[in-house]
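Single-structure report; data block below.
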């Protein structure tokens, strides 16, 4: 049997909301023949607050915007130097549920980080990955009509100070860390390609070629040439 394809795009640095709206549109328009996709990027600085998120976990955002969104989980931070991956998957076609989805997303991170000599651990009841108790990878997903959007944020080499202005993922005093604390970090585009290969292996897709492109849903959000 031929493995399913995974249309993989590198979007570069993007503001959060247009990408979020494009994910929603992709999910709402897809049908049983729509291929799975993986969008890889980094975001402008933003705090996002999940559906169950409590505003009191946002302590002092300062000039960083706070955006309530429709994923699971509490508050997290996105910013330059962080790899964000949005797997847009048809769970019914893959034959898995949400619990298995989260486990596999963690497994992708475990394999990727192991390649840098980093031993990342799961934590019961707190999705994501941790190194010596500090969070290195966050997971927040949404499933609609059997299909996923949102995804993961992996701290690569970034300014971690904005995490001190929130209770990360709703946990007061939770330490956060990054790949750069343990190993040299490649360009984010290379890390994205490695992530895509790990995700395809874990979810059973054909190994993808990463394309520098914008999904159609984002083209309309781009400014017209001067």
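Worth a mention:
- Flag for residue 150 being touching a residue at least 60 places away in the same chain (Cβ under 8 Å), surrounded by 22 or more Cβ atoms within 10 Å (Cβ to Cβ), touching a helix residue (DSSP H, G or I) at 6+ places or on another chain (Cβ under 8 Å) and under 20 Å from residue 53 (Cα atoms): yes
- Subset of the range 47-66 (residues that are without any contact (Cβ under 8 Å) to a residue 60 or more places away in the chain, surrounded by 13 or more Cβ atoms within 10 Å (Cβ to Cβ) and not in a loop (DSSP other than H, G, I, E, B)): 49, 66
- Condition met for residue 73 (on the phi > 0 side of the Ramachandran plot and either out of contact with any strand residue (DSSP E or B) (no Cβ under 8 Å at 6 or more places or on another chain) or exposed (fewer than 15 other Cβ atoms within 10 Å of the Cβ) (or both)): no
- Checking each residue in the range 1-29 for being under 14 Å from the mean Cα position of the chain (by Cα) and within 19 Å of residue 89 (Cβ to Cβ) picks out 8, 9, 10, 11, 19, 20, 23.
- Selection from the range 104-125 of residues that are farther than 13 Å from residue 154 by Cβ and surrounded by 15 or more Cβ atoms within 10 Å (Cβ to Cβ): 104, 107, 122
- Test: residue in the range 77-91 that is assigned to a helix (DSSP H, G or I), in contact (Cβ under 8 Å) with a residue 40 or more places away in the chain and touching a strand residue (DSSP E or B) at 6+ places or on another chain (Cβ under 9 Å): yes
- Condition broken by residue 143, with the remaining ones in (1) under 23 Å from residue 50 (Cβ atoms); (2) in contact (Cβ under 8 Å) with a residue 24 or more places away in the chain; (3) touching a strand residue (DSSP E or B) at 6+ places or on another chain (Cβ under 7 Å) satisfied: (3)
- If you check 101, 137 for being in contact with a helix residue (DSSP H, G or I) (Cβ under 9 Å, 6 or more places away or on another chain), without any contact (Cβ under 8 Å) to a residue 60 or more places away in the chain and in a helix (DSSP H, G or I), only one passes: 101.
- Qualifying residue in the range 166-178 (condition: modelled with pLDDT of 95 or more, buried (at least 16 other Cβ atoms within 10 Å of the Cβ), in a helix (DSSP H, G or I) and in contact with a strand residue (DSSP E or B) (Cβ under 9 Å, 6 or more places away or on another chain)): no
- Verdict on residue 110 being within 25 Å of residue 175 (Cβ to Cβ) and at pLDDT 95 or above: yes
- Selection status of residue 117, part of a loop (DSSP other than H, G, I, E, B), more than 23 Å from residue 211 (Cβ to Cβ) and in contact with a helix residue (DSSP H, G or I) (Cβ under 8 Å, 6 or more places away or on another chain): no
The values are calculated or read from the model by the stated rules, or taken from the named source; none is laboratory data. None of the values given here were measured: they were computed from a predicted structure. Positions of Cβ are backbone-derived with ideal geometry, glycine not excepted, and every protein chain shown enters the neighbour counts.
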